[in-house]
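Encoded as structure tokens, the structure appears first; notes follow it.
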Amino acid sequence: MSTGAIIGLVVAVLVVLVVLAFVLRPAMQRKKLRDRFGPEYDRAVTESDSRTTAEKELAEREHRHSEFDLKPLSQTAQESYRRHWANVQAKFVDSPQSAIADADRLVTDLMAERGYPTEGYEAQLSVLSVEHAKTLEHYRKAHDISERQEIGEASTEDLRTAMVHYRELFTDLLEHGAAPRKAREAVRKEKTDV
């Protein structure tokens, strides 16, 4: 085979590889986002004008999330939160409306201690979706019932359901925390070094 033919073959292979990279990159990004966000990925796509717009929004959530200094809780703090949760659940029997408000406040306090921003429900959903997407729907349902309760449209059974939903997010936040920022940055650096 002549040198020109070999060079032509190498160039053709390189062109094919570049084209494949451009074709496969969006698919790989889509898979990464689906794996990371789970049901939240589908929700974002459904609520968005296009899949591309939704994926861009999810990538922006990841970026914002990476800027927070999230921290795991100490064993002592975890036990304290568990005791507080047990008190809130016990309170439900005598005062369900008050217990729901306390459950919401306890979840917000836990978010704050972990390092999540707590201003505004939509902002909370956005940042929680990155690491807690699988329990985020529980938070949405609990919040919805809590709002209905404030205007007198939630039954005691609805409030019981809200407690169950709050408990799901509470447990997820308590037990499945992010690594501290330095550890996340070290992992990110390892990935780029490979």
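FYI, it's all coordinate maths here, none of it is from the lab. What you see is a predicted model, and the numbers here were worked out from it, not measured in a lab. Methodologically, a virtual Cβ is constructed for each residue, glycine included, from the backbone with ideal geometry; neighbour enumeration extends over all protein chains shown.
I need the chymotrypsin sites (Phe, Trp or Tyr not before Pro) found in the range 72-122, filtered to DSSP loop residues with at most 13 other beta carbons within 10 Å of theirs.
Values: sites: Tyr81, Trp85, Phe92, Tyr121; in loops: none.
Answer in residue order: no site qualifies.
May I ask you to derive the FRET efficiency for Ser155 and Ala90 from their Cβ-Cβ distance with R0 = 25 Å, giving the value to the nearest 0.05? Intermediate results must be reported in sequence, preceding the final value.
On the way: r = 21 Å, r/R0 = 0.82.
Working from the Cβ atoms, E equals 0.75.
Extending each Cα 7 Å along its Cβ direction at Gln78 and Ile6, get the distance between those two points in nm, one decimal.
6.1 nm
So, in nm, how far is label Val15 from label Ala59 when the simple model puts each one 7 Å beyond its Cα toward the Cβ?
Each label point lies 7 Å from its Cα, and together they span 2.7 nm.
Working out 0.36 nm times the residue gap between Thr171 and Glu147, then minus their Cα-Cα distance, what length gain in nm do you get to one decimal? Could you put the intermediate results ahead of the total?
Values: separation 24, 0.36 × 24 = 8.64 nm, distance 2.17 nm.
That works out to 6.5 nm of additional length.
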